[in-house]
Amino acid sequence: MSNGINRIGFIGLGSMGGAQARELAKLAIPLTVYDVSDAAMRTFEGRAKLAGSIGDLGEVSDVVGICVQDDAQVNDCIDQLLPAMKPESTILVHSTISPATSKSVAAKAEARGIKLLEASVTRTEMTQDGPFVFCMIGGDEAEMARVQPVLDAYSTNTMYVGPIGSAMALKISNNLVSWCEIMLGLECQKLATAAGVPIEKLLTVMNRNGVMSPPMAGFMAFARNPGDEKSRGLMAVQAGIGEKDLTLAERLASDAGVAAPITTYVRSLVKQTVLDVCES
């Protein structure tokens, strides 16, 4: 690959990260992956090198993507990567974390001569093949241009936002809308059912008038048919992610001096609401 990117690493093979790594594995360049889940790792046998540790992955990678759940996990990845990675290599943080954490890990990377970009992602296509995210970049715009071939592997759209912290603030704001929509969708479905409205008629109107978003539709469908234990377990993880995302939105609002009563209210409800659906 051009721009001095000859080897790629990816950490975190969950629903989002696994799909990003799926697209990276199609490139004509060696890919190394790592996840704490052996089952997630096994899905990449024959498509990528399976690293024994985060440090091992860092040693052999010019660009490393991180897609884990929260600030603590990102910090842990960074602490293991930085001693192993070469100067002038690059870290792409896809996880949704606080802008303060982004700035902190970027400073740690810079001290070792390693570039770090926020590369926040949000799904644009509900597909099992091909690019499927909008990638929002915070950091050095020239470095974004250098790693663009990597971003293009899984992105339908890429956009430079601004300095470190800006892309995370954008992603947190976007996620606030998504989680509020999800909670409204679950509530309106429950209300309509109790009032005797045929659900297919409710969905027809919501899809036609534009109020239905893909995340809302997904959670509403799950509530109607939670499926097996595996499906419920995956959704239970989303309950915690929702609470985390809305906590980040509360902190962002507080730091910016902006009142956010809706954020606080939805944050207080989201985890238990989704868990209740999983247990129904």
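The values are calculated or read from the model by the stated rules, or taken from the named source; none is laboratory data. Bear in mind that the values here come from a model prediction, so they are computed numbers and not experimental data. Neighbour counts are summed over all protein chains in view; Cβ atoms, including those assigned to glycine, are modelled from backbone coordinates with ideal geometry. Each accessible area value is taken on the protein alone, full model and side chains, heavy atoms only, with ligands, DNA and RNA left out. Shrake-Rupley method; radii C 1.70, N 1.55, O 1.52, S 1.80 Å.
Could you say which residue among 279, 229 is touching a residue at least 40 places away in the same chain (Cβ under 8 Å), out of contact with any Lys or Arg (no Cβ under 7 Å at 6 or more places or on another chain) and acidic (Asp, Glu)? Exactly one of 279, 229 is touching a residue at least 40 places away in the same chain (Cβ under 8 Å), out of contact with any Lys or Arg (no Cβ under 7 Å at 6 or more places or on another chain) and acidic (Asp, Glu), namely 279. For the structure I just gave you, tell me whether residue 194 is of a type in the set (A, V, I, L, M, F, W, C), at pLDDT 95 or above and out of contact with any helix residue (DSSP H, G or I) (no Cβ under 7 Å at 6 or more places or on another chain). Criteria met by residue 194. Which members of region 211-249 meet the condition of being touching a Ser or Thr at 6+ places or on another chain (Cβ under 8 Å) and open to solvent by 90 Å² or more (accessible area, probe 1.4 Å)? Within region 211-249, just 234 meets the criteria. Identify, please: which residue in region 179-231 is of a type in the set (Val, Ile, Thr) and over 22 Å from the mean Cα position of the chain (by Cα) and is, among those, nearest to residue 15 (Cα to Cα)? The residue in question is 211.
So, in region 250-262, exactly how many residues are touching a Ser or Thr at 6+ places or on another chain (Cβ under 9 Å) and either open to solvent by less than 60 Å² (accessible area, probe 1.4 Å) or not in a helix (DSSP H, G or I) (or both)? So the answer is 4. Note on region 1-15: residues that are open to solvent by less than 50 Å² (accessible area, probe 1.4 Å) and at pLDDT 95 or above amount to 6.
Taken together, the criteria exclude residue 110 from residues that are touching a Phe, Trp or Tyr at 6+ places or on another chain (Cβ under 7 Å), under 27 Å from residue 172 (Cβ atoms) and without any contact (Cβ under 8 Å) to a residue 60 or more places away in the chain.
Within region 1-16, track down each residue that is in contact with a helix residue (DSSP H, G or I) (Cβ under 9 Å, 6 or more places away or on another chain) and assigned to a loop (DSSP other than H, G, I, E, B). Result: 1, 2, 3, 4, 5, 12, 13, 14, 15.
Of all residues in region 94-104, those satisfying the criterion of being open to solvent by 10 Å² or more (accessible area, probe 1.4 Å) and part of a loop (DSSP other than H, G, I, E, B) are 96, 98. Sub-7 Å Cβ pairs linking a first residue in region 177-206 that is small (Gly, Ala, Ser) to a second residue that is in a helix (DSSP H, G or I) and surrounded by 11 or more Cβ atoms within 10 Å (Cβ to Cβ), at least 6 apart or interchain, are 178/215; 185/216; 185/219; 185/220; 192/199; 192/202, ordered by first then second residue.
Matching residues to (1) among the β-branched types (Val, Ile, Thr); (2) open to solvent by less than 50 Å² (accessible area, probe 1.4 Å); (3) farther than 21 Å from residue 20 by Cα:
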| position | (1), (2), (3) |
| --- | --- |
| 106 | no, yes, yes |
| 110 | no, no, yes |
| 118 | no, yes, no |
| 133 | yes, yes, no |
| 145 | no, no, no |
| 153 | no, yes, no |
| 209 | no, no, yes |
